1. Kindly indicate whether any position in the range 46-56 is at negative phi and assigned to a loop (DSSP other than H, G, I, E, B).
2. For the range 109-122, state whether one or more residues are under 20 Å from LEU213 (Cα atoms) and either out of contact with any Lys or Arg (no Cβ under 8 Å at 6 or more places or on another chain) or without any contact (Cβ under 8 Å) to a residue 12 or more places away in the chain (or both).
3. Considering only the range 230-252, state which residues are more than 19 Å from VAL215 (Cβ to Cβ) and crowded, with 20+ Cβ neighbours inside 10 Å.
4. Within the range 244-300, which residues are among the acidic types (Asp, Glu) and assigned to a loop (DSSP other than H, G, I, E, B)?
5. Considering each residue of the range 192-208, count those that are outside any strand (DSSP E or B) and either basic (Lys, Arg) or at pLDDT 95 or above (or both), and give that number.
6. I'm told PHE29 meets every condition in (1) surrounded by fewer than 22 Cβ atoms within 10 Å (Cβ to Cβ); (2) within 16 Å of the ligand (Cβ to nearest atom) except one. Can you identify the failing condition by its number?
7. Can you tell which of ALA131, ALA105 is among the hydrophobic types (A, V, I, L, M, F, W, C) and surrounded by fewer than 19 Cβ atoms within 10 Å (Cβ to Cβ)?
8. So which residues in the range 272-286 are under 25 Å from the mean Cα position of the chain (by Cα) and surrounded by 17 or more Cβ atoms within 10 Å (Cβ to Cβ), if there are any at all?
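The values are calculated or read from the model by the stated rules, or taken from the named source; none is laboratory data. All values reported here derive from a predicted model rather than from experimental measurement. Methodologically, a virtual Cβ is constructed for each residue, glycine included, from the backbone with ideal geometry; neighbour enumeration extends over all protein chains shown.
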Amino acid sequence: MFVYLDNSSTTKPYPSVVRAVTRAMEADFGNPSSLHRMGLEAEQLIKEARSILARSLGASPKEIFFTSGGTESDNTALFGVWESRKRQGKRILTGSVEHPAVLRACEKLEKMGAEVIYLPVTTQGILDMEAFQEALNEDTILVSLMHVNNETGAVMPIGEVMRILKQRRIPAVFHTDAVQSYGKLDLDVRSCPVDMISLSGHKIHGPKGIGALYVRDGLVSQPFLYGGGQESGFRSGTENVPGIAGFAQAVREQWSEPETRIARITQVKDYLLKQLTETITDLSFHTPADSAPSVLNIGFVGCKGEVLLHMLEQSDIFVSTGSACSSKKSGSHVLAAMGLSKSQIEGAIRFSFSEDNDINQMDYVVEVIRKAVTSQRRLRKAFAKE
Ligand SMILES: Cc1ncc(COP(=O)(O)O)c(C=O)c1O
């Protein structure tokens, strides 16, 4: 049985996405900036896609800018706001469990003169609101907090953060990296008026190398890329028309029956959690109860996550030890920020789900993991005795 449980790293494109990408490459290959019919047709594809993304966020099409992915969207938001506001203040607030696309950009901003505060999280991996209240001051120009954490599925209280910004009348820009929540949790800018939102195509069964940044109408932010003036001058470079067409098709699919899809994912995740809890001892749970439906992070105490990952791979089960971007480095900065011990972090596995998963697959997964964990723990005990 083939079981793909690494959907927070990337998802399998929907067949309709593959068709949309192929069509855009075979038929609509004109440059959207060309004045002839071929150009206009490609431009029309982009226009439609922009409307589809805008509708999914309750936004206006002119507030959507296509980028090369979540990483570029995050960098554009952070560097763009810094460039346009650095004379008004130097403070930037972000979370210690953010994706490297935000953390590494913040480190660069520190070198450029910003005062970045990396806010702590609770043992549940959720933003520490007291620390946020304390760090927020008149000098704050930007708050960048992810909506859902990619390693644990923890949902950050972005509504509460916005309420506090308003209550304390701090005119900081509020950016959220919604790469892991898009299509899974509601995010509508009419009810939750954030200023900037980062999105990525390949996390919602769309193509890789395509993303978008929502920028609230009227917000002044500098471009990150300069050149031919595409995307209303905010993001130069010939548009990735096949990627954009595929991204929009993925959004169409995700928004067609969202409740059914989410209910299915939630059921599979809850089932796996229950079965693992009943079958295997000494687990540590790193995903809070009211998390996003897509992620379950569990530590198998006395095991090495990486060894487990490869044992599961031999049975065609694909999981992750953390985020794909940090998995090649040592440890998880997210689990460390939650105060977990070295052995809990070492034994962590992230299961991340999509609608392609079902209960039968989970029965198979539990059986394979049970055997893998038992054999690893036995081996470790034997070595420890020697
Ligand atoms: C929370 C988060 N932000 C940003 C990114 C980067 O997105 P992309 O791979 O599209 O550059 C990821 C990818 O794992 C992510 O999980």
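1. Looking for residues that are at negative phi and assigned to a loop (DSSP other than H, G, I, E, B), one finds none in the range 46-56, hence no.
2. The first filter runs over the range 109-122 and keeps only residues under 20 Å from LEU213 (Cα atoms), leaving 109.
Applying the additional criterion that residues be either out of contact with any Lys or Arg (no Cβ under 8 Å at 6 or more places or on another chain) or without any contact (Cβ under 8 Å) to a residue 12 or more places away in the chain (or both) yields 109.
For the range 109-122, residues under 20 Å from LEU213 (Cα atoms) and either out of contact with any Lys or Arg (no Cβ under 8 Å at 6 or more places or on another chain) or without any contact (Cβ under 8 Å) to a residue 12 or more places away in the chain (or both): present.
3. Across the range 230-252, the qualifying residues are VAL241, PRO242, GLY243, ALA245, GLY246, GLN249, ALA250.
4. Within the range 244-300, GLU257, ASP282, ASP290 meet the criteria.
5. 10
6. The one condition PHE29 does not meet is (2).
7. Working: ALA105 fails: surrounded by fewer than 19 Cβ atoms within 10 Å (Cβ to Cβ).
The conditions single out ALA131.
8. The answer is LEU272, LEU273, SER284, HIS286.
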